[in-house]
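Comments concern the structure below.
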């Protein structure tokens with residue numbers, strides 16, 4: 001591995017932290033600069049490899065006790081090295097279907113400040129380790145996503161944030177923001193982020209949000225993005241949940257998921273409507289109706 005030295009400058013004329021990654025574990029030693037200063041707030045323009053390296057610098061800076069206030073200040077970085085540039089760690093970047101999040105450096109740095117050290121947002125989605133400390137940071141970023149993240153990468157940042165929030169620790173704080181994001185126009189409809197938001201609401205929202213979720217569930221304009229909202233009604237204790245699910249059996253976009261949710265409710269009032277679905281034209285609907293009916297017996 002080539003020898004590397006990294007210097008971080010937190011604003012003009014402010015303190016400088018010099019970090020080193022030396023193969024022989026020697027002393028810190030400046031070697032010559034690989035690149036000019038680059039403002040952190042331009043991180044969205046970087047290639048994934050550059051983004052990964054720059055966060056590694058921020059993370060090491062934080063571990064040495066450095067703190068940037070505000071985190072989105074005019075931080076600049078320089079990378080020095082000998083030979084070819086090598087990864088700062090052997091740890092692979094988490095991905096889903098081979099994709100990295102083009103996550104804002106500032107978001108990853110904010111996470112590191114609460115003890116959640118990740119190189120990519122999908123690591124939170126895939127980990128089995130608890131990360132409840134990340135929830136306030138993720139909720140804050142989701143609430144301010146439009147002002148902090150450029151439209152061309154916003155969906156790629158929003159999806160893993162939402163998926164990472166679908167945990168019990170987010171039940172109290174995430175639903176209001178998720179509801180707001182569900183209603184917004186999608187910047188990348190092909191990515192299906194609204195469906196992912198519906199999935200999180202289905203898992204997290206409590207009955208205090210019944211009226212708002214019922215309005216979304218009845219609005220056919222949202223199409224199949226409403227499918228996972230049925231999970232909310234399947235676990236709801238509100239007496240209006242079963243009648244609403246029976247009503248939604250007439251909605252072709254969500255009928256299968258409504259049938260599945262009725263199976264969870266195990267309410268005898270749903271027997272006759274579910275029986276009628278046994279001859280539905282779609283195999284998935286027939287299967288879900290059969291499974292729901294078995295739970296009523």
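In plain terms, the residue of 280, 144 with the fewest other Cβ atoms within 10 Å comes first and the most crowded comes last, giving 144, 280. Sorting the segments 125-134, 198-207 by their mean number of nearby beta carbons within 10 angstrom, highest to lowest, gives 198-207, 125-134.
Using alpha-carbon pairs under 8 Å, 6+ residues apart, how would you state the relative contact order of the range 213-297 in percent?
On the way: 106 pairs, mean separation 21.6, N = 85.
Relative contact order for the range 213-297 comes out at 25 percent.
How much FRET efficiency would the formula 1/(1 + (r/R0)^6) give for residue 113 and residue 171, where r is the Cβ-Cβ distance and R0 is 25 Å, rounded to 0.05? E between residue 113 and residue 171, to the nearest 0.05, is 0.60. Full extension of the chain segment joining residue 128 with residue 218 gains 28.9 nm, where the gain is 0.36 nm per residue of separation less the Cα-Cα distance.
Name the shape class, rounded, prolate or oblate, that the alpha-carbon gyration tensor gives for the range 213-297, where a ≥ b ≥ c are the square roots of its eigenvalues, rounded holds for a/c under 1.5, and otherwise prolate holds if a/b is larger than b/c and oblate otherwise.
Numbers: a/c = 1.93, a/b = 1.18, b/c = 1.63.
Oblate, since a/c reaches 1.5 and b/c is not below a/b.
Taking the mean number of other Cβ atoms within 10 Å as a proxy for protection, how do you rank 238-247, 263-272 from highest to lowest?
On the way: 238-247: 17.3, 263-272: 15.6.
Per-residue mean Cβ counts within 10 Å order the peptides as 238-247, 263-272.
Label-to-label distance for residue 190 and residue 282 is 2.4 nm, based on points extended 7 Å past Cα in the beta-carbon direction.
Among 195, 221, 122, sorting on how many other beta-carbon atoms sit within 10 Å of each Cβ, with the fewest leading, yields 221, 195, 122.
A Förster distance of 51 Å, applied to the separation of the beta-carbon atoms of residue 296 and residue 148, puts the FRET efficiency at 0.60.
Laboratory data are not the source of any read-out in this text; all were calculated from the coordinates shown. The structure displayed is predicted, hence computed values, not measured ones. All Cβ positions, even for glycine, are placed from backbone atoms using ideal geometry, and neighbour counts span all protein chains on display.
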